[in-house]
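All remarks here apply to the structure that follows.
Each value in this text was obtained by applying a stated rule to the coordinates, not by laboratory testing. Keep in mind the model is a prediction, meaning the values are calculated, not measured. Here the Cβ positions follow ideal geometry from the backbone for every residue, glycine too, while neighbour counts run over all protein chains shown.
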Amino acid sequence: MKKSYLLIATLLMLMLTGCNRQAEKMLCALEEQGVGLIIDNHGERTTYGKPGVQDLLYLTANEPERLKGAVVADKRVSKAAACLLIEGGVKRVNTPLVSTPAREMLQAAGIQLYAREEVPLMLNHDGTDLCPMEKKLLDAKTPEQCAAILRGATIEGFQMLDMLNEQGLSLLVFNHDSLTTHANRGVQDLLQLISLQPERLQGAVVADKIIGKAAAAIMATGGVREVHTNIICSPAKQLFEQQGILVFATEEVPMILNRDRSSMCPIDTQIAEIESIEECVAILQARFAH
């Protein structure tokens, strides 16, 4: 039995040594070529040289297949790079320098990591302060939140959704450094805001418990810039995307159901075929005026 354990341990050590040798070869190539990123996917190797995480942002959005299952060599792996590597589904990351939050994030995602050096937090290039991206993501809890913030979301939006769920609220609106909370069902609070306080919605960050097409139409007409929600229906998400509004949802569903879950929410049913968001809002205002 002891011999079997010894054999397994020896084989694992040999495998690890072999992987580390391959990692060093990739890192040497990274340094010799003066690039920031090398991706090896099933023997097809590509190099990238844009600053920071620009290449990873492009790849995750436009060429995700390049990252899926790949072995990557990255010049510096901060929390920002780690979240995008996780999103891309890489298999292994090799780097001369990793920050502790990045290492913890990669390990939690089950991604193999080889790093020559680890630092508590990634500093900027002249070593005078934190790397701007590392600073921006300090309070982000998950890879998904980190990736969203890199694409323009605010940490306040995620914190608002947590607050909404913890306090049993239905709607939070943050604008002009002021947060308002609301607890009515459906779209009543949104309709009241767009009718009586439209300035509250213009450029606002909003957290809403559930978003159907009706809520999305009101928010879009009101000019919100960022939306966070637990559940969103596909038509609502599509509406936000068409209007250039950032939207982050825990879950996407085909439709929002009525209370007994037997069919579509009656409010969304009424505007299901209406394309104009202004017309949707007019119909909703008329419905709730009585």
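Quick notes on this structure:
- For the range 152-288: relative contact order, % (alpha-carbon pairs under 8 angstrom, 6 or more apart): 20
- Rounded to 5, percent antiparallel among DSSP beta bridges of the chain: 45
- Placing dummy labels 7 Å off each Cα toward the beta-carbon, the span from K68 to E24 is 3.4 nm.
- The range 229-236 - phi-based ³J(HN,Hα) in whole Hz, Karplus 6.51/-1.76/1.60, Gly and Pro as x: 8, 6, 9, 9, 8, 4, x, 5
- Phi to ³J(HN,Hα) by Karplus 6.51 cos²θ - 1.76 cosθ + 1.60 over the range 87-100, Hz, x for Gly, Pro: 4, x, x, 5, 8, 8, 10, 10, 7, x, 8, 10, 8, 4
- Amide H contacts of L123 (H built 1.01 Å from N, in plane; Pro and chain starts excluded): C131 sit under 5 Å, all sequence-distant by 5 or more or on other chains.
- Using 0.36 nm per residue and subtracting the Cα-Cα separation, the extra length available between E241 and T181 on full extension is 19.1 nm.
- Checking every one of the trypsin sites (Lys or Arg not before Pro) in the range 213-290 against DSSP loop status and a limit of 16 other Cβ atoms within 10 Å picks out R259, R261.
- Counted charge near G152, where neighbours are those whose Cβ lies closer than 12 Å (Asp, Glu -1; Lys, Arg +1): +2
- Direction-averaged projected area, Cα convex hull, the chain: 21.0 nm², rounded to one decimal.
- From phi via Karplus (6.51, -1.76, 1.60), per-residue ³J(HN,Hα) for the range 140-157 in Hz, x at Gly/Pro: 6, 9, 10, x, 5, 5, 4, 4, 5, 5, 4, 9, x, 6, 9, 5, 4, x
- Mean separation of Cα contacts under 8 Å (6+ apart) over length of the chain, as relative contact order %: 9
- Across K68/K141; K209/K237; K135/K213; K50/K237; K68/K209; K50/K136, pairs whose alpha-carbon gap is larger than 25 Å: K135/K213; K50/K237; K68/K209
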